Amino acid sequence: MIVVGIDLAAEARRTSVAVLRDDPAPVLEHVLVGATDEDLVAAIETAGRTGVDVPLGWPARFVDLVSAHATASLPAPASTGSDWRRSLAMRVTDRDVHRRTGLTPLSVSTDRIAYPALRWAGIEARLREQGTDVSRDGSGAVIEVYPAAALRCWSLPHRGYKETKNAGARLGLVTELEARTPWLDWNGHRDLCAADDNALDAVIAALITREASLGACEPPPEDLREIARQEGWIWLPSAPGPTAPSAPCC
C-alpha cells in the first residue's frame with residue numbers, strides 16, 4: 001500500500017508531499033518541500049490514496065450566493081447577521097469538525113486558505129481530465145485532511161508547532177509522534193520534519209490517509225454524502241492513535 005500526504009500552499013516553495021509505503025512495515029519513502037503541480041500530480045497518480053490538507057470545495061450556499069449576486073438575482077435575506085454570514089463561510093464538514101473536536105477550520109470563503117484552494121481546483125481539474133477519480137467526498141483517489149484536528153483526535157499537541165519560532169515545540173511533536181508510532185521508519189526524514197512544519201504536516205497527512213485506507217477514519221454519513229461531493233469532507237481518525245501495521249487492511 002502506498003499513500004501520499006500533501007500540505008498544499010498557494011506557492012510551490014511552501015508545498016510539501018510525503019510518500020508512505022507499507023512494505024510490510026510503514027516507511028517514509030520520500031518527503032519533498034517545494035512541490036510543483038507536476039510533482040503533486042505524479043505523486044497522486046502513483047498512490048492508492050492521497051490526503052490533501054486544503055479545502056476541496058466551497059460552501060454550497062456561498063457558491064449559490066456568488067452566482068446569484070453576479071447576475072443581480074440574489075433574493076434579499078431577512079437578515080445579514082452573523083448566523084447568515086456563518087452559513088456562507090463554513091461548510092457542513094467544517095461545522096462537523098468543530099462539533100467533534102472544538103477546532104474551527106479556516107473558512108475557504110473568507111480566509112486566505114482560499115488561495116491554496118484555488119490552486120487545488122486547478123490541480124483537481126487536471127487530474128479529472130486525466131481520468132483520476134477526484135470525488136470530493138473521499139470515495140475516490142483523494143481525501144481531505146486536517147492535521148491539527150487529527151492530532152487533537154490522537155491526543156497529541158496540535159497547536160503552536162508551526163513557523164521557525166516554534167522549532168522547539170515542533171521537535172517535541174515529532175518526538176511524541178515517534179513514540180506513538182514506533183513501527184514507522186522515518187527513513188532519514190525526521191530532521192526535515194523537525195525543521196519544517198510543511199514537511200511535518202505532509203507526513204501527518206500521509207498518516208491520516210493510511211488510517212482512512214485501513215478503515216480507521218470517519219467517512220461522510222450517507223445523509224451528507226451529496227453535499228460532501230460538492231463541498232468536500234474532512235476525514236478525521238476514529239481511533240485514539242495511528243494504527244499499528246499488524247491491523248488488517250479493510
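The values are calculated or read from the model by the stated rules, or taken from the named source; none is laboratory data. Since we're looking at a predicted model, the values are computed, not measured. When we count neighbours, we look across all protein chains shown, and the Cβ atoms used for this are built from the backbone with ideal geometry, even at glycine. What goes into the accessible areas is simple: the full protein's heavy atoms, side chains included, and nothing from ligands, DNA or RNA. Shrake-Rupley method; radii C 1.70, N 1.55, O 1.52, S 1.80 Å.
It is to be established whether one or more residues within the stretch 205-221 are of a type outside the set (A, V, I, L, M, F, W, C), touching an Asp or Glu at 6+ places or on another chain (Cβ under 7 Å) and touching a residue at least 24 places away in the same chain (Cβ under 8 Å). Steps first, please.
Here is the first cut: in the stretch 205-221, the residues of a type outside the set (A, V, I, L, M, F, W, C) are 209-211, 213, 215, 218-221.
Cutting the leftovers down to touching an Asp or Glu at 6+ places or on another chain (Cβ under 7 Å) gives us 220.
So of that shortlist, the ones also touching a residue at least 24 places away in the same chain (Cβ under 8 Å) come out as 220.
Yes, the stretch 205-221 contains at least one residue that is of a type outside the set (A, V, I, L, M, F, W, C), touching an Asp or Glu at 6+ places or on another chain (Cβ under 7 Å) and touching a residue at least 24 places away in the same chain (Cβ under 8 Å).
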Taking the stretch 160-173, which residues are surrounded by 15 or more Cβ atoms within 10 Å (Cβ to Cβ) and not in a helix (DSSP H, G or I)? Tyr161, Lys162
State which residue is surrounded by the most Cβ atoms within 10 Å (Cβ to Cβ) when the search covers only the stretch 1-45 and only residues that are among the acidic types (Asp, Glu) and under 21 Å from Glu178 (Cβ atoms). Asp7
Is there any pair linking a residue in the stretch 26-41 that is under 19 Å from His189 (Cα atoms) to one that is part of a loop (DSSP other than H, G, I, E, B) and among the β-branched types (Val, Ile, Thr), with Cβ under 8 Å and at least six apart or on different chains, and which? Pro26/Thr181; Val33/Thr15; Gly34/Thr15; Ala35/Thr15; Leu40/Thr15
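For every residue, the table says whether it meets (1) in a helix (DSSP H, G or I); (2) open to solvent by 20 Å² or more (accessible area, probe 1.4 Å); (3) more than 16 Å from Ile204 (Cβ to Cβ); (4) in contact (Cβ under 8 Å) with a residue 24 or more places away in the chain.
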| position | (1), (2), (3), (4) |
| --- | --- |
| Ala121 | yes, yes, yes, no |
| Ile143 | no, no, no, yes |
| Ser155 | no, yes, no, yes |
| His158 | no, yes, no, yes |
I'm trying to understand the selection: among the residues of the stretch 15-25, which are closer than 12 Å to His189 by Cβ and hydroxyl-bearing (Ser, Thr, Tyr)? Ser16
Looking at Ala141, Ala150, can you tell me which residue is under 16 Å from Asn198 (Cα atoms) and among the aliphatic types (A, V, I, L, M)? Ala150
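Of all helices (runs of 4 or more DSSP H) completely enclosed by the stretch 174-250, which ones contain at least 1 residues that are more than 20 Å from the chain's Cα centre (by Cα) and surrounded by 18 or more Cβ atoms within 10 Å (Cβ to Cβ)? Even if it seems obvious, please write down each step before you answer.
Numbers: elements: 190-195, 197-213, 225-231.
In the stretch 174-250, the matching helices (runs of 4 or more DSSP H) lie at 190-195.
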